[in-house]
Amino acid sequence: LAAITASPYKKDFPLLANNPDLTFLDSAATSQRPRAVLDAQRRFYETMNANPLRGLYSLSVEATQAIEDARNHIASFIGAVDEAGNPQGNEVVFTRNTSESLNLVARTLGASILKPGDEVVISIMEHHSNLIPWQQVCRQTGAHLVYLRANDDFRITQDEIEEKIGPRAKIVSVTQVSNVLGVENPIRQIADRAHQMGAYMVVDGAQSVPHLKVDVHDLGADLLAFSAHKLGGPMGIGVLWGKADILNAMPPFLTGGEMIDSVTETDAVWAPVPQKFEAGTQDAAGSYAFDADLTYLESIGLDTVERRERLLASYLTQSLAALDFVDVIGPLEGERHVGAVAFNVRGVHPHDVASILDGSKVCIRAGHHCAQPLLAWLGQSSTCRASVAFYNDKEDIDRLVEGLKTVWQVFNGN
Ligand code: PMP
């Protein structure tokens with residue numbers, strides 16, 4: 001536990017440094033941002049601001065370069081490199097967030113390949129962002145949605161994978177880490193089965209990229225979606241990584257300026273990827289700031305970040321499980337939690353728990369966590385969720401535990 005006391009990282013995060021009495025345990029919703037990101041955002045607008053891609057003058061070229069550098073940095077961060085180790089920035093499409101990345105895939109790849117009777121396989125653990133786009137495209141094309149279900153131990157088994165991913169599966173889209181339960185799904189096994197059946201493998205990395213070393217090739221992903229705002233980057237920057245040949249074959253999503261090569265009165269030729277998917281002025285400052293965020297994370301060391309977050313998630317799970325008035329919803333083994341732990345205080349509505357904790361400046365999430373089918377499967381209408389990032393420390397978790405004791409006293413009077 002000595003390794004997770006007195007976080008040395010809070011000083012790098014202005015909001016945390018300026019509010020030492022705040023206990024922020026909602027990083028799964030959005031993380032805090034390090035000063036390096038705030039400085040970069042400002043630096044962009046003060047020194048490099050021009051519309052990227054449009055201008056031929058050097059300021060605009062610099063803005064364009066900022067985006068391209070960020071693409072390459074992101075590519076190397078997620079292992080999208082060629083055999084010589086060169087980052088494949090052209091495989092990185094900027095979107096606004098994970099939701100937009102997944103909508104892009106459903107509406108372009110999904111809408112163009114799915115036929116009546118085909119199957120799209122997702123899991124019962126999906127965030128609505130990896131569920132509703134597929135519901136919609138299935139309705140539009142006549143394809144069916146099939147669910148991989150977890151067993152009582154919150155695992156998707158090999159038997160389940162083989163039973164549910166069959167020859168009719170054309171797209172399999174699964175979250176690597178559940179934003180509610182915090183468990184990691186066996187993406188490699190799911191991807192191998194998907195590929196055996198000739199299906200595409202889409203991975204929702206919103207909760208995994210911030211906490212685990214993700215390597216798109218090791219994972220077996222064809223497409224990966226995630227959001228910068230969950231790992232320290234700005235809000236409004238999302239990523240869709242895809243294998244170049246797949247992105248090339250996909251039709252465009254939004255259309256208009258910047259995404260074309262040439263236009264006539266009646267037709268248009270698309271720009272090569274990734275620009276084909278980036279209509280209109282991009283958030284160059286955001287990309288530049290996200291690049292700075294990755295540099296900051298690498299300066300700490302991704303191994304250190306991952307190791308520390310695993311210790312914190314483990315300690316969080318154990319601390320909650322040790323309270324006899326709290327039910328952990330999900331595995332009790334701390335090491336199975338990546339970032340998030342769901343729980344309930346017996347007999348107390350999660351919204352009341354969160355409001356009372358707020359009185360002692362402890363921030364947690366309460367509700368359905370945008371995963372209503374999962375909550376229905378769990379037999380819950382809502383839960384509390386605490387989640388950690390590397391800047392948290394043992395003291396944050398201890399303050400949550402003290403706050404929960406107060407909640408219990410408020411409702412039980414002793
Ligand atoms: N998928 C998962 C697993 C998530 O946790 C989230 C965010 N809670 C999303 C998708 C959606 O991310 P965003 O709101 O950034 O689009």
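The values are calculated or read from the model by the stated rules, or taken from the named source; none is laboratory data. The shown structure was predicted, so the numbers you read here are calculated from the model rather than taken from an experiment. Here Cβ is always computed from backbone atoms with ideal geometry, including for glycine, and neighbour counts include all displayed protein chains. We work out accessible area using only protein heavy atoms, side chains counted, and drop any ligands, DNA or RNA first. Shrake-Rupley method; radii C 1.70, N 1.55, O 1.52, S 1.80 Å.
Quick one: order Ile122, Ile132, Ile113 from most to least accessible surface, probe 1.4 Å.
Ile132, Ile113, Ile122
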Just flag the GluC sites (Glu not before Pro) in the stretch 39-117 sitting in loop per DSSP whose Cβ has no more than 14 other Cβ atoms within 10 Å. Glu83
Toward the positive end of the charge dipole of the chain, about the Cα centre and with charges on Cβ (Lys, Arg +1; Asp, Glu -1), which of Thr175, Val81, Leu302 goes farthest? Thr175
What number, in percent, do you get for the relative contact order of the chain if the mean sequence gap of Cα pairs under 8 Å and at least 6 apart is divided by its residue count? 21
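Suppose accessible area is computed on protein heavy atoms with a 1.4 Å probe; arrange Tyr9, Tyr391, Tyr45, Tyr200 from highest to lowest. Present the calculation step by step, with values, prior to reporting the outcome.
Details: Tyr9 40, Tyr391 5, Tyr45 120, Tyr200 65 Å².
Correct descending sequence by accessible area is Tyr45, Tyr200, Tyr9, Tyr391.
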Can you sort Met235, Met250, Met197 by solvent-accessible area, 1.4 Å probe, largest first? Met235, Met197, Met250
Can you give the calculated 222 nm mean residue ellipticity of the chain, where each DSSP H run of n ≥ 4 adds -39,500 (n - 2.57) and the sum is split over every residue, rounded to the nearest 500 deg cm²/dmol? -11000 deg cm²/dmol
Scaled by the rule-of-thumb 2.2 N^0.38 Å, the alpha carbon Rg for the stretch 76-140 gives a ratio of 1.36
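Share of the stretch 274-414's accessible area from carbon and sulfur, percent, 1.4 Å?
50
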Choose one of Val137, Ala279, Gly256: the residue whose Cα lies farthest towards the positive end of the charge dipole of the chain (beta-carbon charges +1 Lys, Arg; -1 Asp, Glu; about the Cα centre). Val137
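Rounded to the nearest 20 Debye, what is the dipole magnitude of the stretch 289-365 about its Cα centre when Lys and Arg each give +1 and Asp and Glu each give -1 at the C-beta?
240
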Rounding to the nearest 20 debye, state how big the charge dipole of the stretch 201-343 is about its Cα centre with +1 on each Lys and Arg Cβ and -1 on each Asp and Glu Cβ. 340
Would you calculate the convex hull of the Cα atoms in the stretch 238-316 and tell me its volume per residue in Å³? 139
Low-density loop cleavage sites - GluC sites (Glu not before Pro) in the stretch 283-376, where at most 10 other Cβ are within 10 Å (DSSP): none
Inter-site label distance for Asp324 and Leu59 at 7 Å from Cα along Cβ, in nm: 6.9
With every protein chain in place, the accessible area of Ser314 for a 1.4 Å probe, in Å² rounded to the nearest 10, comes to 20
Inter-probe distance in nm under a simple model that places probes 7 Å from Cα toward Cβ, at Asn49 and Phe411: 4.9
Round to the nearest 10 and report in Å² the accessible area of His144, as given by a 1.4 Å probe over the protein chains' heavy atoms. 100
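Say R0 is 35 Å: what FRET efficiency, to the nearest 0.05, do Thr255 and Ala29 get from their beta-carbon distance?
0.65
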Pairwise centroid distance, computed over Cα atoms, of the stretch 305-343 with the stretch 1-47, Å: 22
What spacing in nm lies between the two simple spin-label points modelled at Thr264 and Asp245, each 7 Å away from Cα in the Cβ direction? 3.1
Over the stretch 1-149, what per residue volume does the convex hull of the Cα atoms give, in whole Å³? 213
Cut-off 16 Å, label 7 Å out along Cα→Cβ of Leu38, residues of the stretch 223-245 by amide N: 232-235
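So, with +1 on the Cβ of K and R and -1 on the Cβ of D and E, and no other charges, what is the size of the charge dipole of the chain about its Cα centre, to the nearest 20 debye?
In debye, rounded to 20, the chain gives about 720.
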The rounded separation in angstrom of the Cα centers of the stretch 214-283 and the stretch 381-414 is 40
Compute the Cα gyration tensor for the stretch 273-404, then decide on rounded, prolate or oblate, letting a ≥ b ≥ c be the square roots of its eigenvalues: rounded whenever a/c is under 1.5, prolate when a/b is larger than b/c in the other cases, and oblate in all that remain. prolate
On average, how much accessible surface per residue is there in the stretch 315-414, in Å², for a 1.4 Å probe, leaving out ligands, DNA and RNA? 39
Quotient of Cα radius of gyration and Kirkwood radius for the chain, i.e. Rg/Rh, equals 0.98
